[in-house]
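Comments concern the structure below.
The values are calculated or read from the model by the stated rules, or taken from the named source; none is laboratory data. All values reported here derive from a predicted model rather than from experimental measurement. Here the Cβ positions follow ideal geometry from the backbone for every residue, glycine too, while neighbour counts run over all protein chains shown.
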Amino acid sequence: MSEKPAILFVCLGNICRSPLAEAAFRAAAEREGLDVHAESAGLGKWHLGYPPDPRAQAVARRSGIEMGDKRARLVTTDDFRRFDHVIGLDADNLAGLRRLAPADAHATVSLLLDHVPGREGQSVTDPYYEDDSAFDDAWNDACEGAEALVARLRGEAAQR
Ligand code: 4NP
């Protein structure tokens, strides 16, 4: 395994929450000077090959982040061997990931908000069938989780 931490964010469709988490995490890592590998994937097949939902792209763009090049893909069993952390956005995602994880998984499986002190066990709510404010909430949660995760990984890197 390389020194650079590899993180996979996973939601249901891979068009709203996990691309936001991936983008927020990459931005937070860059701000902190932490070298990372980040991707995102989904548990459902509906939107494979599609870019992120326009509402998700819009909320990221308001923070200066473009994610139009991202294409939705499914999480695979090999992802649990390739990544250090496989991170679900909600409790259903976490249950799906635990079912999918192979016996020889390398990755640690967790919820994004487990990494935020005081928010352990909380889900990032699915905004897909909601209004624009739900995308603001998902983005704010993604940023909070991403920053906490970067702080944790920086601490781990400092101990090596
Ligand atoms: P995501 O949102 O899991 O945050 O990407 C969803 C996108 C699509 C659907 C559900 C959630 N869908 O049912 O198509």
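Within the range 8-41, being among the basic types (Lys, Arg) and touching a His at 6+ places or on another chain (Cβ under 8 Å) holds for no residue.
Residue pairs whose Cβ atoms lie under 8 Å apart, sitting 6 or more positions apart in sequence or on different chains, and linking a residue in the range 72-99 that is in contact (Cβ under 8 Å) with a residue 24 or more places away in the chain to a partner that is exposed (fewer than 15 other Cβ atoms within 10 Å of the Cβ) and outside any loop (DSSP other than H, G, I, E, B), are ASP84/THR108; HIS85/THR108; VAL86/THR108.
Residues in the range 3-12 that are near the ligand (Cβ under 7 Å from one of its atoms) and buried (at least 22 other Cβ atoms within 10 Å of the Cβ): 1 in all. Residues that are among the charged types (D, E, K, R) and within 13 Å of the ligand (Cβ to nearest atom) within the range 84-131 comprise ASP90, ASP92, ASP126, GLU130, listed in sequence order. Identify all residues within the range 66-86 that are more than 19 Å from ILE7 (Cα to Cα) and of a type in the set (A, V, I, L, M, F, W, C); write none if there are none. Once the filter is applied, which keeps residues that are more than 19 Å from ILE7 (Cα to Cα) and of a type in the set (A, V, I, L, M, F, W, C), the range 66-86 yields nothing. Filtering VAL10, VAL75, VAL36 for residues that are touching a helix residue (DSSP H, G or I) at 6+ places or on another chain (Cβ under 9 Å), modelled with pLDDT of 95 or more, among the β-branched types (Val, Ile, Thr) and more than 16 Å from ASN93 (Cβ to Cβ) leaves a single hit, VAL36.
Here SER133 qualifies as without any contact (Cβ under 8 Å) to a residue 12 or more places away in the chain, of a type in the set (S, T, N, Q) and out of contact with any Ser or Thr (no Cβ under 6 Å at 6 or more places or on another chain). Counting the residues of the range 13-34 that are more than 14 Å from the ligand (Cβ to nearest atom), more than 8 Å from the chain's Cα centre (by Cα), assigned to a helix (DSSP H, G or I) and hydrophobic (A, V, I, L, M, F, W, C) gives 3.
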